[in-house]
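Everything on this sheet refers to the single structure shown next.
The values are calculated or read from the model by the stated rules, or taken from the named source; none is laboratory data. Since we're looking at a predicted model, the values are computed, not measured. Note that we place each Cβ from the backbone using ideal geometry, even for glycine, and neighbour counts take in every protein chain shown. These accessible areas exclude ligands, DNA and RNA; they are computed on the full protein's heavy atoms, side chains included. Shrake-Rupley method; radii C 1.70, N 1.55, O 1.52, S 1.80 Å.
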Amino acid sequence: MPSLARRPTRLATVALAAMAALLACGLPAHADDGDDRHEEERSHRPHRGAPPPQASGTAYRKGVVAVANPYAAEAGAKVLERGGNAVDAAVAIAYALNVVEPQSAGVGGGGFMMIHLANDRSDDGSRHGSHHGSPRGRTFVIDTREKAPAGATPDMFVGVPNSSLQGVAVGVPGMVRGTADAVRKYGRLDLDDVLRPAIKLADEGFAATARYAAVSCNTRSQNSPESAAVFCPGGAAPVQGSLVQNKPLAQTLRLIARHGPDCFYKYMPHKGCDIAKGIVEGQKFAKPATVGGVVVPGKGGSMTYADLESYRAVERAPIEGTYRGYRIKGTMPPSSGGLTMIQMLKMLERFPLGDASQGYGFGSVKTINVMADAMRLAFADRSIWMGDIDFVPVPAKGLLDPTYFGLRGAAIVPGTRLNPNPLPGDPRPYEFAGTKTGPRLAVAEPVTGPGETTTHFVVADQWGNLVSYTNTIESSHGIGVFAGYTQADGSFRSHGFLLNNELTDFNTTPSTNPVTASVGYNDVQPAKRPRSSMTPTMIFTPSGEPLVAYGSPGGSTIINSVLNVTLNLIDHRMTLQDAINAPRVSVTSTGSAISRDSGILPAVGFSADTVAGLIALGYTVGAPVDIGSVQAVLVDPKTGRQYGAADSRREGTVIGLPR
Ligand code: GLU
């Protein structure tokens, strides 16, 4: 079976507008006059081959969902069939995933919901259009990221054993508030209608999927006795195909459907709304651990009813950039996803990555060499400059300034490995004219590795609206503790959903930004959101029409999975499904360790020659591991046809309408 690396690239028509935009955006300076200058010039010749990314497979017109689980995909498709729009369907999927993929995401957590409204007017399929709509629509993100409680402190994790399994890691959940806002403002259906499929799944049950069975019985799921009893009863995972019900979760969702989001965020016993009590009591969970023969106490969280009641989701403008003329919209801080990915794209834009005749092309040593070093440079900046923009002055403009990333990216020299490891730069002079450049950081902080959890899904509807939504409770099964409390009779009142450990996405020890001498941008502060890597993304044509919506789970590897797929679509001219199937590479620190995966058949991973070539440059290349799980939808701007693609690294499922 030939690898994708050896496939000929697609021939296609020229997108002159794309190239014109590219030529207009100014080229980064390069340190070396030699070969690379030559490459730079050649890379900017109008390619005879830059059409919109291609799709293959069945085309639809009435909507498509691409989800990491078949039951949740079905929930979204049903809502579209009942007349819901993409926002309604996305919210239905998010709730259904809480039931069928409870280890990944749910009402105990949060995420980033990127929405593109086709017209942003009342005729676009949403209930209430604004009068400020443009013919090209509006793209924005509903930030449902968890927040630290008011009692949180920068040192709250210090000395805490297994801190990601303690109540102190639980952030104030955002999903319920944000999804309710989304349906109320932009949906066509009511929240109770949208929740119906999830309630049915929780109540009547579903047959355990292979993935559900495989991930159910891990250390995290067994952190508390109540969670262990559900996910790993008697020490054994549910058998694939066996019936899984979650009556407590069905009851929780019914309460939200009947009384709205306040029933989640406010303790109102007179209405039967006791979910807030379950969250506040649940996050007091503290479990001692033996460290070096000594028993160290665990630590519960400080969340109060006031923290829950004051939670608000935020609507934010996306981070925007261009890549070879295409417009890219990504997540803004508190996620590092959009900034980091667009930085990488801009540093890579001067290399003709799609051109095998110049030694590039998919999977070549040269291509992976420049990708890896772009990742290392961008992750160096990410380590100190990104955090919750409501609390710290993230220099977003400077980080994406052409002179800044041009100078940074000049360090990438094909055929050599960046050595020593790159330091973060100082983008502030490019943010605010006249600001002095400060000293540089000696060592970038380490970043977390890939997670096993989180979920990404995409919806397109018949009106041209798109949703790209990444949702999470951080680690697999969060802290492994259900929201719930012990009742007067001694029994446990479970709310059936797991509490997140999102606050471990903060710096877990207090730090100082070495350049600004201020508090570390991602240090814990009361009511602050931890820095995320979630990267729901959309690609638009040079003239602004939506083209592709996509994203991935995978901790900090998320950003690189999205980068890989972007390059596969735009540089390597792959179809949407091939772009997802192709093997990926990832570096999430400033170091030289490249992670890779094998891709999905018929892809067969990177060749032994490529691996040997990278090792010869001084990189280490790990054995293949799964990286990410990308779901995507492509809309052909000319015909309006919709195509979906999903990732069989997990249980990716596409349903298109009409069916
Ligand atoms: N909590 C992570 C983040 O926000 C996502 C976790 C994961 O994907 O494993 O970046």
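Which of the following residues is at pLDDT 50 or above, farther than 30 Å from Ala89 by Cβ and open to solvent by 30 Å² or more (accessible area, probe 1.4 Å): Pro422, Pro439, Pro429? Can you show your working first?
Numbers: Pro422 fails: open to solvent by 30 Å² or more (accessible area, probe 1.4 Å); Pro439 fails: at pLDDT 50 or above.
Result of the check over Pro422, Pro439, Pro429: Pro429.
With surrounded by fewer than 21 Cβ atoms within 10 Å (Cβ to Cβ) and either within 22 Å of Pro637 (Cβ to Cβ) or at pLDDT 95 or above (or both) as the only criterion, which of Gly330, Gly337, Gly300 stands out?
The match here is Gly300.
I'm checking my understanding of the structure. Among residues of region 477-503 that are surrounded by fewer than 22 Cβ atoms within 10 Å (Cβ to Cβ) and among the polar types (S, T, N, Q), which one is nearest to the ligand (Cβ to nearest atom)? It would help to see each step written out before you state the result.
Filtering region 477-503 down to residues surrounded by fewer than 22 Cβ atoms within 10 Å (Cβ to Cβ) leaves 485-493.
Of the ones still in play, those that are also among the polar types (S, T, N, Q) are 486-487, 491.
Details: Thr486: 29, Gln487: 32, Ser491: 33 Å.
Here the answer is Thr486.
Do we have Ser629 as under 20 Å from Asn581 (Cβ atoms), surrounded by fewer than 23 Cβ atoms within 10 Å (Cβ to Cβ), in contact (Cβ under 8 Å) with a residue 40 or more places away in the chain and of a type outside the set (A, V, I, L, M, F, W, C) here?
Details: under 20 Å from Asn581 (Cβ atoms): yes; surrounded by fewer than 23 Cβ atoms within 10 Å (Cβ to Cβ): no; in contact (Cβ under 8 Å) with a residue 40 or more places away in the chain: yes; of a type outside the set (A, V, I, L, M, F, W, C): yes.
Criteria not met by Ser629.
When you go through Arg417, Arg408 one by one, which is the residue that is assigned to a helix (DSSP H, G or I) and at pLDDT 95 or above? It would help to see each step written out before you state the result.
Details: Arg417 fails: assigned to a helix (DSSP H, G or I).
Selected residue: Arg408, the only one of Arg417, Arg408 that is assigned to a helix (DSSP H, G or I) and at pLDDT 95 or above.
Can you tell me which of Ala396, Ala313 is within 16 Å of the ligand (Cβ to nearest atom), within 25 Å of the chain's Cα centre (by Cα) and open to solvent by 10 Å² or more (accessible area, probe 1.4 Å)? It would help to see each step written out before you state the result.
Numbers: Ala396 fails: within 16 Å of the ligand (Cβ to nearest atom).
Sole residue among the options that is within 16 Å of the ligand (Cβ to nearest atom), within 25 Å of the chain's Cα centre (by Cα) and open to solvent by 10 Å² or more (accessible area, probe 1.4 Å): Ala313.
Ala198: out of contact with any Gly (no Cβ under 7 Å at 6 or more places or on another chain), open to solvent by 20 Å² or more (accessible area, probe 1.4 Å) and small (Gly, Ala, Ser), yes or no?
Working: out of contact with any Gly (no Cβ under 7 Å at 6 or more places or on another chain): yes; open to solvent by 20 Å² or more (accessible area, probe 1.4 Å): no; small (Gly, Ala, Ser): yes.
So Ala198 does not fit the description; no.
Any chance region 609-618 includes a residue that's assigned to a loop (DSSP other than H, G, I, E, B) and more than 30 Å from Glu81 (Cα to Cα)?
Narrowing region 609-618 to residues assigned to a loop (DSSP other than H, G, I, E, B): 617-618.
Of the ones still in play, those that are also more than 30 Å from Glu81 (Cα to Cα) are 617-618.
Yes, some residue in region 609-618 is assigned to a loop (DSSP other than H, G, I, E, B) and more than 30 Å from Glu81 (Cα to Cα).
Anything in region 247-272 that is within 15 Å of Pro173 (Cβ to Cβ) and either open to solvent by less than 10 Å² (accessible area, probe 1.4 Å) or of a type in the set (D, E, K, R) (or both)? List them, or say none.
Selection gives Leu249, Thr252, Leu253, Ile256, Asp262, Cys263, Phe264, Tyr265, Lys266.
Could you tell me whether any residue of region 568-581 is surrounded by 22 or more Cβ atoms within 10 Å (Cβ to Cβ) and within 16 Å of the ligand (Cβ to nearest atom)?
No: region 568-581 contains no residue that is surrounded by 22 or more Cβ atoms within 10 Å (Cβ to Cβ) and within 16 Å of the ligand (Cβ to nearest atom).
When you check Tyr323 against the structure, is it open to solvent by less than 40 Å² (accessible area, probe 1.4 Å), over 20 Å from Phe482 (Cβ atoms) and modelled with pLDDT of 95 or more, yes or no? Reasoning before the result, please.
On the way: open to solvent by less than 40 Å² (accessible area, probe 1.4 Å): yes; over 20 Å from Phe482 (Cβ atoms): yes; modelled with pLDDT of 95 or more: yes.
So Tyr323 passes the test.
Identify, please: which residue in region 542-562 is among the aliphatic types (A, V, I, L, M) and within 15 Å of the ligand (Cβ to nearest atom) and is, among those, farthest from Ile342 (Cα to Cα)? Don't jump to the end; show me each part of the working.
Of region 542-562, the ones among the aliphatic types (A, V, I, L, M) are 547-549, 558-559, 562.
Those left that are additionally within 15 Å of the ligand (Cβ to nearest atom): 558-559, 562.
Working: Ile558: 13, Ile559: 10, Val562: 10 Å.
The selected residue is Ile558.
Would you confirm, using the coordinates I've provided, whether Val244 is surrounded by 14 or more Cβ atoms within 10 Å (Cβ to Cβ) and at pLDDT 95 or above? So that I can check it myself, show each step before the final result.
On the way: surrounded by 14 or more Cβ atoms within 10 Å (Cβ to Cβ): yes; at pLDDT 95 or above: yes.
Considered against the rule, which asks whether it is surrounded by 14 or more Cβ atoms within 10 Å (Cβ to Cβ) and at pLDDT 95 or above, Val244 comes out as yes.
Show the residue pairs that are 6+ apart or on different chains and have beta-carbon atoms under 7 Å apart, the first residue being within region 248-261 and under 24 Å from Ser227 (Cα atoms), the second being charged (D, E, K, R) and part of a helix (DSSP H, G or I).
Qualifying pairs under 7 Å: Ala250/Asp203.
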